[in-house]
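Chemist: I have a structure here, written as structure tokens, and I will follow up with some questions on it.
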Amino acid sequence: MKWKTNQIKKEKVSRFEIIKESVILPNNIEFDFSYINFSKGVCILPITDHGKIVCIRQYRHAIKQWQWELPAGMIDHEKEDPLLTAKKELEEETGYQAQKWIPLGSFYPSPGSTSEEIYLFAATRLKKTEQRLEPSEQIDLYTLEINELYHIINKGEFQHGAGMAALLRYLVKKDSLEI
């Protein structure tokens, strides 16, 4: 049931790599397959001591809209520990550090078209520091009651896939976690 790759073409575009492969499928049909290869990432579900969720609204140029999201970011170096990136991104985007980190596994947001893998974490026992945005980031910070977050998800206003995956993983696992 393996696909046999005959030819690979790669083109680097900014932080992405476009891969074009000519493959032979298990049924011996030749097929051209392409996908985007880019760095792994992290997404963090920050939870305050009062059970509120720290969310962001960020301008996303690719869709030319402001989006509700959870803090997230790209792992800069392939061998970097995802937790180190999560700690850095949480503080950069929200101005919080967490005393406790709960790994929630990883997921592939679109395995039919990208190789991206995102590592999910919950962060608790938050301590306020200072937000340090990158020059290209335009982010507003919000602390929402869980019911407020559910409301914006239900209205279709929260569309951040990694954020929804982190929240779902946390809700499924929270009864077995020591928080």
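The values are calculated or read from the model by the stated rules, or taken from the named source; none is laboratory data. As the structure is a computational prediction, the values presented were derived from the model and not from experiment. Virtual Cβ from ideal backbone geometry, glycine too; neighbours counted across all protein chains shown. Surface accessibility is based on the protein's heavy atoms, side chains included, excluding ligands, DNA and RNA. Shrake-Rupley method; radii C 1.70, N 1.55, O 1.52, S 1.80 Å.
Chemist: Name every residue in the range 65-108 that is assigned to a helix (DSSP H, G or I) and of a type in the set (Val, Ile, Thr), in order of residue number.
Modeler: Initially, the range 65-108 is screened for residues assigned to a helix (DSSP H, G or I), giving 82-94.
Hits for the range 65-108 are Thr85, Thr94.
Chemist: Pairs needed: first member in the range 138-153, within 23 Å of His61 (Cβ to Cβ) and touching a residue at least 24 places away in the same chain (Cβ under 8 Å); second member anywhere, open to solvent by less than 60 Å² (accessible area, probe 1.4 Å) and aromatic (Phe, Trp, Tyr); C-beta distance under 6 Å; at least 6 residues apart or different chains.
Modeler: If the second residue must be open to solvent by less than 60 Å² (accessible area, probe 1.4 Å) and aromatic (Phe, Trp, Tyr), the pairs left are Ile152/Trp68; Ile152/Phe158.
Chemist: Checking the conditions here, which among Tyr142, Tyr96, Tyr150, Tyr119 is touching a Gly at 6+ places or on another chain (Cβ under 8 Å), open to solvent by 20 Å² or more (accessible area, probe 1.4 Å) and either at pLDDT 95 or above or of a type outside the set (A, V, I, L, M) (or both)?
Modeler: Values: Tyr142 fails: touching a Gly at 6+ places or on another chain (Cβ under 8 Å); Tyr96 fails: touching a Gly at 6+ places or on another chain (Cβ under 8 Å); Tyr150 fails: touching a Gly at 6+ places or on another chain (Cβ under 8 Å).
Testing whether each residue is touching a Gly at 6+ places or on another chain (Cβ under 8 Å), open to solvent by 20 Å² or more (accessible area, probe 1.4 Å) and either at pLDDT 95 or above or of a type outside the set (A, V, I, L, M) (or both) leaves just Tyr119.
Chemist: Somewhere in the range 67-90, is a residue touching a residue at least 60 places away in the same chain (Cβ under 8 Å) and open to solvent by 40 Å² or more (accessible area, probe 1.4 Å)? Full working, then the answer.
Modeler: As a first pass, look at the range 67-90 and keep what is touching a residue at least 60 places away in the same chain (Cβ under 8 Å): 67-70, 72.
Within this subset, residues satisfying the condition of being open to solvent by 40 Å² or more (accessible area, probe 1.4 Å) are none.
Within the range 67-90, not a single residue is touching a residue at least 60 places away in the same chain (Cβ under 8 Å) and open to solvent by 40 Å² or more (accessible area, probe 1.4 Å).
Chemist: Among Gly112, Gly105, which is exposed (fewer than 13 other Cβ atoms within 10 Å of the Cβ) and under 12 Å from the mean Cα position of the chain (by Cα)? Before you say what the answer is, go through the steps one by one.
Modeler: On the way: Gly112 fails: under 12 Å from the mean Cα position of the chain (by Cα).
Sole residue among the options that is exposed (fewer than 13 other Cβ atoms within 10 Å of the Cβ) and under 12 Å from the mean Cα position of the chain (by Cα): Gly105.
Chemist: I need the full set of residues from the range 139-156 which are within 17 Å of the chain's Cα centre (by Cα) and either farther than 15 Å from Ile44 by Cβ or of a type in the set (S, T, N, Q) (or both), in order please.
Modeler: Ile153 - this is the single residue of the range 139-156 that is within 17 Å of the chain's Cα centre (by Cα) and either farther than 15 Å from Ile44 by Cβ or of a type in the set (S, T, N, Q) (or both).
Chemist: Still on this structure, please answer the following. Which residue out of Leu120, Leu133 is assigned to a strand (DSSP E or B), closer than 30 Å to Ile36 by Cβ and either touching an Asp or Glu at 6+ places or on another chain (Cβ under 9 Å) or of a type in the set (A, V, I, L, M, F, W, C) (or both)? Full working, then the answer.
Modeler: Numbers: Leu133 fails: assigned to a strand (DSSP E or B).
Step by step, each of Leu120, Leu133 is checked, and only Leu120 is assigned to a strand (DSSP E or B), closer than 30 Å to Ile36 by Cβ and either touching an Asp or Glu at 6+ places or on another chain (Cβ under 9 Å) or of a type in the set (A, V, I, L, M, F, W, C) (or both).
Chemist: Report the residue count in the range 154-179 for those that are open to solvent by less than 50 Å² (accessible area, probe 1.4 Å), more than 12 Å from Cys55 (Cα to Cα) and either of a type in the set (A, V, I, L, M, F, W, C) or modelled with pLDDT under 95 (or both). If you could, list the steps in order and put the result at the bottom.
Modeler: Initially, the range 154-179 is screened for residues open to solvent by less than 50 Å² (accessible area, probe 1.4 Å), giving 156, 158, 160-163, 165-167, 170, 177.
Keeping just the survivors that are more than 12 Å from Cys55 (Cα to Cα) gives 156, 161-162, 165-166, 170, 177.
Checking which are either of a type in the set (A, V, I, L, M, F, W, C) or modelled with pLDDT under 95 (or both) leaves us with 162, 165-166, 177.
Within the range 154-179, residues that are open to solvent by less than 50 Å² (accessible area, probe 1.4 Å), more than 12 Å from Cys55 (Cα to Cα) and either of a type in the set (A, V, I, L, M, F, W, C) or modelled with pLDDT under 95 (or both) number 4.
Chemist: Could you pull out the residue among Lys52, Lys64, Lys20, Lys12 that is at pLDDT 90 or above and open to solvent by less than 90 Å² (accessible area, probe 1.4 Å)? Give the derivation first.
Modeler: Values: Lys64 fails: open to solvent by less than 90 Å² (accessible area, probe 1.4 Å); Lys20 fails: open to solvent by less than 90 Å² (accessible area, probe 1.4 Å); Lys12 fails: open to solvent by less than 90 Å² (accessible area, probe 1.4 Å).
Criteria check complete, one pass: Lys52.
Chemist: Name every residue in the range 1-45 that is within 30 Å of Gln159 (Cα to Cα) and among the hydroxyl-bearing types (Ser, Thr, Tyr), in order of residue number. Before the answer, list the steps.
Modeler: So the first thing to find is which residues in the range 1-45 are within 30 Å of Gln159 (Cα to Cα), and the list is 11-20, 33-45.
If the condition is that a residue be within 30 Å of Gln159 (Cα to Cα) and among the hydroxyl-bearing types (Ser, Thr, Tyr), then Ser14, Ser34, Tyr35, Ser39 are the ones that fit.
Chemist: Right, here's the next one. Return the residues of the range 37-93 that are over 16 Å from Glu116 (Cβ atoms) and among the β-branched types (Val, Ile, Thr); say none if nothing qualifies.
Modeler: Ile44, Ile47, Thr48, Ile53, Val54, Ile56, Ile63
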